[in-house]
Amino acid sequence: MTHSELFKTTQLGPYTLKNRIVLPPLTRSRSSQPGNIANDLMATYYRQRSGAGFMVTEGTQIEPRGQGYAWTPGIHSPEQIQGWRKVTDAVHAEGGGDLCSTLACGPRVAHIAATRW
């Protein structure tokens, strides 16, 4: 692939991506406590990377028992949804798009992570 190919639009299923740059999900453990809420720091992080053709957010637990690592954000309470709305709005304001990566670590990983912290 040539350098210019990296910046051409491409199709990903029904989506037209503005380029072929992808931000993979990265566990960052920066949610606000208490409550594991996406915050302004996270909105800034994703806004700064909104030039990528496709972004997948960090693993986001869908319910409290699915949390495997400390300080990771959730999306199961009204406060968490409001926090992620800030992130989404920041990304969309820059013309970007994102996909929420949901996470359910399960009891085995959740137990191991809890014993580390």
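The values are calculated or read from the model by the stated rules, or taken from the named source; none is laboratory data. On a predicted model such as this, the values are computed, not experimentally measured, just so you know. Cβ placement follows ideal geometry from the backbone for every residue including glycine, while neighbour counts extend to all protein chains displayed. When the accessible area is computed, the model is the full protein with side chains, heavy atoms only, and any ligands, DNA or RNA have been set aside. Shrake-Rupley method; radii C 1.70, N 1.55, O 1.52, S 1.80 Å.
Being open to solvent by less than 70 Å² (accessible area, probe 1.4 Å) and at pLDDT below 95 is the filter; apply it to the range 26-44 and report the residue that is nearest to the chain's Cα centre (by Cα). The extreme case among them is Arg28.
The condition of being open to solvent by 30 Å² or more (accessible area, probe 1.4 Å) and at pLDDT 90 or above holds for only one of Val87, Val22, Val91, that being Val22.
Cβ-Cβ contacts under 9 Å between residues 6 or more apart (or on different chains), taken from a first residue in the range 30-47 that is touching a residue at least 12 places away in the same chain (Cβ under 8 Å) and under 12 Å from Trp84 (Cβ atoms) to a second residue that is assigned to a loop (DSSP other than H, G, I, E, B) and β-branched (Val, Ile, Thr), are listed as Ser31/Thr72; Asn36/Thr72; Ala38/Thr57; Ala38/Ile75; Met42/Thr57; Tyr46/Thr57. Among residues of the range 50-69 being part of a loop (DSSP other than H, G, I, E, B) and at pLDDT below 90, the one that is surrounded by the most Cβ atoms within 10 Å (Cβ to Cβ) is Gln67. Residues in the range 3-19 that are surrounded by 11 or more Cβ atoms within 10 Å (Cβ to Cβ) and among the charged types (D, E, K, R): Lys8, Lys18. For the range 70-81, a residue qualifies if it is buried (at least 20 other Cβ atoms within 10 Å of the Cβ) and not in a helix (DSSP H, G or I), and the qualifying residues are Thr72, Pro73, Gly74.
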